[in-house]
1. List the relative contact order of region 168-217 as a percent without decimals, with contacts defined as Cα pairs under 8 Å and 6+ residues apart.
2. Please say if region 280-483 is rounded, prolate or oblate, where rounded means a/c under 1.5 for a ≥ b ≥ c the square roots of the C-alpha gyration tensor eigenvalues, and otherwise the choice is prolate for a/b larger than b/c and oblate otherwise?
3. Given a cut-off of under 8 Å on Cα pairs at least six residues apart, what relative contact order in percent is computed for the chain?
4. Order of 73-80, 508-515, 283-290 by packing, highest average Cβ count within 10 Å first?
5. I need the shape label for the chain. Rule: rounded when a/c is under 1.5, else prolate if a/b > b/c, else oblate, with a, b, c from the alpha carbon gyration tensor.
6. Compute the Cα gyration tensor for region 316-391, then decide on rounded, prolate or oblate, letting a ≥ b ≥ c be the square roots of its eigenvalues: rounded whenever a/c is under 1.5, prolate when a/b is larger than b/c in the other cases, and oblate in all that remain.
7. Stretch residue 127-residue 520 to full length: gain in nm at 0.36 nm per residue minus the Cα-Cα span?
8. Give me the one-decimal nm value for the distance between modelled label points at residue 233 and residue 156, 7 Å along each residue's Cα-to-Cβ direction.
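Nothing in this text is a laboratory measurement; each read-out follows from the coordinates by a stated rule. Here the structure is a predicted model, which is why all the values come from computation and not from measurement. Glycine gets a Cβ as well: all are built from the backbone with ideal geometry, and neighbour counts include every protein chain shown.
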Ligand code: NAD
């Protein structure tokens, strides 16, 4: 039997979840840094659920002094952690994965309630964390360097990878825990210590993760400062970007934020890993399986209420199938179950806050002024089940690719329907004709079209899929995008390399001192 939200004593349920995750009081003031409750100031932020508007908790925001304490503790912990052999570090991450399995249901629920994504997606996010733990465990025995042949006799040359130090992680609200774990678990097996500044909109899930990690560290008698949390706003992120003690800053969020972080880190010649906004398109050619395309488009466009970096924002549809697809889409959109994210019948939850709702309605207004036609959606829902003002009906707009609003990423469920005719290359040109370059896909059963899309004159995005939508990546591949998306790669494949410093070593085991390139430099004595 399907359980609906009306059947759940919700407040009680959430209180149990918080308790299970180690967050003990029902409405506590949480602090930042190492010791909960120990913040140097008492500026607080109330955290309301976008689902029902209830106050979940009040969190103390970090000061610059708190940040200092965290960094100092992390520096100390690094001295111990870097000496733990990598496979042993992997064992700690394995235990983290086990604890996450134990708490999957509770943490998934909290993600859903604090951020507003539906429970299935909240659970999926925790599963992603578990998956990256498993990946990192294997990786801990495979941090390979290369060996190469020296041009000099009896010389050996190789490259090895060493830990970097402190890795700063700035994360966005829409994936409040998964993206941090992609960074943190890889960085941890690489021998780094992590300082995490989560989004100020979703600090509770971060606190919950921190409790889980602390348990594992304590059980293994390891310093607490290996995984650190500092809850603060953009200013704390900015401190981190300028801090030479943080060799790598991995920042996920808007392109606006990424440009600031990239500039600050670049100015001190540090490393940044930027995962920024997307403006993702699906091309539907005349050879597409329309039913498959439809499913992928709807999940991509309305999943997480359009608040994924990989959300489908544009569909570029061939003339010959345009009307048919449009009709099918309108039918599905007409029946979307919109509601409380913890209700199992819901497919579309709320937007994160009223600012997001305003961005949604403003974008719709502006695109219509530019000549776009709103086909469906765009309302703010009201009434007993929607009293937060954060529930909207996903919109479809017929538009042209060059419209200013179409060129922007509006972090809300707006799908732009764009028509193309002729060859697939015309569609590819439209798909590439935006500033961002995160995810892209094509629906076609024609090899000539799909291979053109994947070729070097095809999609210019970091992710290019065939007969799969733009969102819902697996952790095994490197994740990230080009152009305004920032160029970073994290998660699977060889993304781990950015968390380590590379060193080339040459060893002479002869009794001669030959120089490279045959240079003669005989000293007289
Ligand atoms: P945001 O840019 O408002 O905030 C993200 C984080 O950056 C927050 O922790 C915030 O406090 C911090 N921040 C903001 N200004 C800063 C500054 N000047 N210096 C340092 N830190 C600063 O983004 P958001 O609204 O939380 O998230 C939505 C955005 O994130 C969308 O653009 C989405 O596409 C993007 N995103 C990208 C990816 C990806 O992997 N490419 C993944 C998730 C989200």
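1. Relative contact order, region 168-217: 45 percent.
2. Note, shape of region 280-483 comes out prolate.
3. Dividing the mean separation by the residue count of the chain yields 17 percent.
4. Those peptides, ordered most packed to least, come out 283-290, 73-80, 508-515.
5. Oblate is the answer for the chain, as a/c is 1.5 or above yet b/c matches or exceeds a/b.
6. oblate
7. Contour length minus the Cα-Cα distance gives 135.5 nm.
8. If labels sit at residue 233 and residue 156, their model points lie 5.6 nm apart.
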